[in-house]
Amino acid sequence: MLARLALGDLTLADLAKPLEMTVPAVAKHLAVLERAGFVTRSRPTKSVSRPAKLQVAALAEMSDWIEKCRVHWEGSFDRLADYVEALEGEESDIV
């Protein structure tokens, strides 16, 4: 859904068509994306559909957070690998 919305605003029916999903199922998924701040929808009116709009800034913020996590965990795993190597080196000195 996010990839399709990156191409432009879409209604629930437009989102549902290629996904082989019902409109109510798409609405549930879209509601989760709205709560997460990744998608917004205009206010409902009687005669106008409510297209969903991708919130690129929210995705960029998430991407930045993921990158920080990746850097942290890669550093942690590198330190763990160094520690294991040091332990293995100590064991070979004993033998």
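Any read-out appearing in this document is the output of simple, stated calculations on the displayed coordinates, not a laboratory observation. Everything quoted here is computed from the prediction, not taken from an experiment. Because the Cβ atoms are built from the backbone with ideal geometry, glycine has one as well, and the counts that use them run over all protein chains shown.
This model, with +1 at the C-beta of Lys and Arg and -1 at the C-beta of Asp and Glu, gives segment 1-54 a dipole about its Cα centre of some 220 debye.
Length gained on full extension, Val84 to Thr22: 17.1 nm, using 0.36 nm per residue less the C-alpha separation.
Taking the helices alone, the chain has a mean residue ellipticity at 222 nm of -22000 deg cm²/dmol, built from -39,500 (n - 2.57) per DSSP H run of at least 4 residues and averaged over all its residues.
When Kirkwood radius over Cα pairs in Å is computed from the coordinates, the matching label among [x] 13.0; [y] 14.4; [z] 16.8 is [z]. Modelled spin labels at Ile94 and Trp73, positioned 7 Å past Cα toward Cβ, are 3.2 nm from each other. Basic side chains Lys and Arg get +1 at the Cβ, acidic Asp and Glu get -1 at the Cβ, and with that the dipole of the chain about its Cα centre reaches some 1660 debye. With neighbour counts taken as other beta-carbon atoms within 10 Å, the residues Arg41, Arg35, Arg50 rank, fewest first, as Arg35, Arg50, Arg41.
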